[in-house]
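For reference, the structure discussed in these notes is given below.
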Amino acid sequence: MKKIYALEERCLGCRLCEVYCKTAHSKSKNIIKAHKEEDIESAIFIEEIISEKQISYFALQCRHCADPQCVKACISGAMYKDDDGIVKNDKKKCVSCLSCILVCPFGAIKLGKDGKTVSKCDLCVDYGKSLCVEKCPNNAIELLEEHYKKEI
Amino acid sequence: MRYLIVGNSAAGINAASEIRTKDSVSSITMISKDTFNTYGRPLISYYLNNKIKPEDIYYHNKDFYIKHDIKVLLNSEVKEIDIKRKKILFCTKTKHNNDILVYDKLLIAIGSNPILPSIAGLDYNYTNVFTFLSYEDSIKLKSSITRTSKVVILGAGLIGLKVAEGLAEQVKNVTVIDLSDRIMSSNLDQASANIIQKHMENHNIKFQLKSSITNVNNTHNLVTEVILSTGDIIACDILIIAIGVLPNLNLAYKAGLKVNKGIIVNEYLQTSNEDIYAAGDCVESVDLLSNKKSVFALWTSAANQGKIAGENMSQGNHSKFLSEFAMNAISFFGMHILSAGVVNTNLQNIQSVTMKCQSNQLCRLNILNNNLVGFIMINENKRAGIYTALIRNKTQLSSLAYDITNHQNSNVGFNVYSTTERKRLLDLANIKI
């Protein structure tokens, strides 16, 4: 399956991916409305790495694990791996118990701003394309086949 | 191949799914005394206070069983396993005769039963005495309460407190009684228990700690009052017993399988009979932190074991179940609690670091010899999953790029790991363990 890969050496830390993630997951799909009117948690987030010489960044999002702990921890059956291998959260079934957050080893799941469901990367399948990948100004986020990633 | 799964909760359903992904042709039958298809057991309290609709309690929709060709026999209690002839004897609620099913591989995933202490004057057949472990229990309880109900709950553990939360806004009063000096004594330390207790008291729940019920008064086969060890008398028209659970071992024991605290299994979750596996709350596992044999009544653990047992039943033994440790995510009236591992800070040599402590928020890490061994978080979840992984992997804290006990680093997430370690962990995500 294709997954989103963040290339640390290219990331500028501009956080545009977060902006577009929110847009893609908004009701309006409009960048201004998504930020001004809808309160959405981004499913991709920039993490800072501070060393003595420099600050660098990388973008983190759900890894759609082969053996996802969040799916097994989910008490309601809301978290599932679909036939394409994408780990998804059914917001209608989610009771926001945070069991998934307790076990995700990457910290890639966040409690939604409304507190009612959790938010995580779904590769934007409903939107049609992964907007964070498309909008990254430095091509630091790529949608790649798993085996291809290993070669780079 | 005929796969038979006894029990239809977290372990059973995950085993069935896993078997089907590995074997598309063989027959898979789940048999359970439950009336309902697999449901999210922890959701029964959400049903109690109408936070979910009845149709949303189910773990999978009905199409799942058709799509994966999994046969389910409900209302059917397995009475006996004949390990020599590889068949089971079961009895359905509507029939009086026993029926027989044969198997090639069997999974026992029948969970646990509530502990029912003997209390003077109390008969568990009284219609106002309840336990709270199944959807049926929750339905029965919900239909029995009224606005004027005076509810007494024995046990301030996860189950007791979830019932208390579920009932608080629907009845006149709720009193929770526990022998311990704090609520959720196996999941929380004193400071965190105090925060949660206060929060629950603000929602009309009363607590009587360091107390037990010595006897109950009854009239016309109904409990009317409970008498506490402190001498207090509490009026009661609904009594709920929630002091804990014990693994359901009868079936395994009668079949001659080895049992101890739970059913004894090897690392592949195979019992002392090679064609019978066991998973979930009825199984004895090893506690990663204490190295002691222990029974975990945890949804995550049961789901995980079910999946591994299913894989081994269909593929031969190659997937190992590693040791487990206690962890819980639970919330009361909007207050979220995440805890894992060692929570008792009084243990020798444990260094307890409090990152945050306010009236409604807490983050406490328990460290032993350069390893994180436990944590408690209230209304805070940043890094929770990373902490859990640090415990599971016994990661040396000194190998991390950041000091997790330093407040200044509290915004650091997955980058607590060094660059090389981060890359290694990210690659691991693609590999099926």
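Mean sequence separation of contacting Cα pairs (under 8 Å, at least six apart), scaled by the length of chain B, corresponds to a relative contact order of 14 percent.
Note on chain B: with a GNM built from Cα contacts shorter than 10 Å, the maximum mean-square fluctuation among B:21, B:354, B:420 falls on B:420. Only Lys, Arg, Asp and Glu carry charge here, each on its Cβ (+1 for the first two, -1 for the last two); on that basis region B:255-405 has a dipole of about 400 debye about its Cα centre. Per-residue packing, averaged as other Cβ atoms within 10 Å, sorts the ranges B:228-239, A:101-112 into the order A:101-112, B:228-239, beginning with the highest.
Selection among B:247, B:60, B:40 by position relative to the dipole of chain B gives B:60 as farthest towards the positive end (Cβ unit charges, Cα centre).
Under 1.5 on a/c is rounded, so check that first for region A:26-124, then, if it is not, pick prolate when a/b is larger than b/c and oblate when it is not; a ≥ b ≥ c are the square roots of the alpha carbon gyration tensor eigenvalues. Oblate. Since only B:362, B:419, A:80 are under comparison, the one whose Cα sits farthest along the positive direction of the charge dipole of the protein assembly as shown, derived from C-beta charges on Lys, Arg, Asp and Glu, is A:80.
Each of B:375, B:130 was scored by other Cβ atoms within 10 Å of its Cβ. Arranged with the fewest first, they read B:130, B:375.
The lysines whose alpha-carbon is closer than 16 Å to the alpha-carbon of residue B:292, local same-chain residues fewer than 8 away aside, are B:261.
Take chain B, connect every pair of alpha-carbon atoms lying under 10 Å apart with a spring to form a Gaussian network, then pick out the residue of B:23, B:189, B:281 with the largest mean-square fluctuation. Sorting by GNM fluctuation, first place goes to B:23. Around the amide H of residue B:107, modelled in the peptide plane, lie the amide H atoms of B:4, B:5, B:6, B:277, all under 5 Å away and 5 or more residues distant in sequence or on another chain. Here region B:343-377 and region B:75-121 have alpha carbon centers that stand 43 Å from each other. Placing a label point 7 Å from the Cα of residue A:81 along the Cα-to-Cβ direction, the residues of region B:314-344 with a backbone N closer than 20 Å are B:314-323.
Beyond 31 Å in Cα-Cα separation lie the following of the pairs A:120/B:206; B:51/B:105; B:51/B:382; A:27/B:53; A:92/B:33: A:120/B:206; B:51/B:105. Rounded to the nearest 20 debye, the dipole magnitude of chain B is 540 debye, with +1 charges on Lys and Arg beta carbons, -1 on Asp and Glu beta carbons, and the Cα centre as origin. Counted over the protein assembly as shown with a bin width of 10 Å, the fraction of Cα pairs per bin, in whole percents, is 3, 16, 26, 26, 19, 8, 2, 0. Shielding of peptide B:391-402 by partners, expressed as the average count of other chain Cβ atoms within 10 Å per residue Cβ, is 1. For residue B:263, nonlocal amide neighbours, meaning residues 5 or more places apart or on other chains whose placed amide H falls under 5 Å from its own, are B:283, B:284. Derived scalar couplings between HN and Hα for region B:33-50 equal 7, 4, 8, 10, 4, 3, 10, x, 3, x, 7, 5, 7, 5, 5, 4, 10, 6 Hz in order, rounded to whole Hz, by the Karplus curve 6.51 cos²θ - 1.76 cosθ + 1.60 (θ = phi - 60°), x for Gly and Pro. With K and R counted +1 and D and E -1, the other residues having a Cβ less than 11 Å from that of residue B:79 yield a net charge of -2. For residue A:35 and residue B:358, what does the FRET efficiency come to when R0 = 41 Å and r is the distance between their Cβ atoms, rounded to the nearest 0.05? My answer for the efficiency is 0.85. For region A:75-143, a/c is not less than 1.5, where a ≥ b ≥ c are the root eigenvalues of the C-alpha gyration tensor, and a/b tops b/c. That puts it in the prolate class.
Remark: region B:263-270, residue by residue, has Karplus-estimated 3J(HN,Hα) of 5, 7, 10, 8, 5, 8, 6, 8 Hz, where x stands for each Gly or Pro and the curve is 6.51 cos²θ - 1.76 cosθ + 1.60 at θ = phi - 60°.
Calculated [222 nm] ellipticity per residue, helices only, for chain B: -6500 deg cm²/dmol; basis is -39500 (n - 2.57) per DSSP H run with n ≥ 4, divided by all residues, nearest 500. Modelled label positions at residue B:406 and residue A:113, each set 7 Å beyond Cα in the direction of Cβ, lie 3.2 nm from each other. Efficiency by 1/(1 + (r/R0)^6): what FRET value for residue B:201 and residue B:179, r their Cβ-Cβ distance, R0 = 25 Å, to the nearest 0.05? Step by step, r from the Cβ atoms, then E = 0.85.
Within the shell of other residues whose beta carbon sits under 10 angstrom from the beta carbon of residue A:125, the net charge comes to -2, with Lys and Arg scored +1 and Asp and Glu -1.
Between residue B:393 and residue A:90, the FRET efficiency estimated from the beta carbon spacing at R0 = 30 angstrom works out to 0.50. Classification of region A:65-112 by its C-alpha gyration tensor yields an oblate form. The axis ratio a/c (a ≥ b ≥ c) is 1.5 or more, and b/c is at least a/b. Under 5 Å between amide hydrogens, built in the peptide plane, is the criterion, and for residue B:269 it picks out B:321 among residues at least 5 positions away or on other chains.
Annotation for residue B:368 and residue B:23: the two label points, set 7 Å from Cα along the Cα-Cβ direction, are 4.0 nm apart. Mean-square fluctuations from a GNM of chain B, with a 10 angstrom spring cutoff on Cα atoms, peak among B:199, B:407, B:220 at B:220. Summing charges over neighbours of residue B:289, with a neighbour being any other residue whose Cβ is under 11 Å away from its Cβ, gives +1 when K and R count +1 and D and E count -1. A simple spin-label model places the labels of residue A:125 and residue B:233 6.3 nm from each other, with each point 7 Å out along Cα-to-Cβ.
Dipole magnitude for region B:194-268: computed about the Cα centre from +1 point charges on Lys and Arg Cβ and -1 point charges on Asp and Glu Cβ, it is near 320 debye.
Readers should treat all values here as calculations from the given coordinates under stated rules, not as data from a laboratory. The model shown is predicted, which means the values in this text are computed figures rather than measured ones. For neighbour counting, all protein chains shown are included, and Cβ atoms are generated from backbone atoms with ideal geometry for every residue, glycine included.
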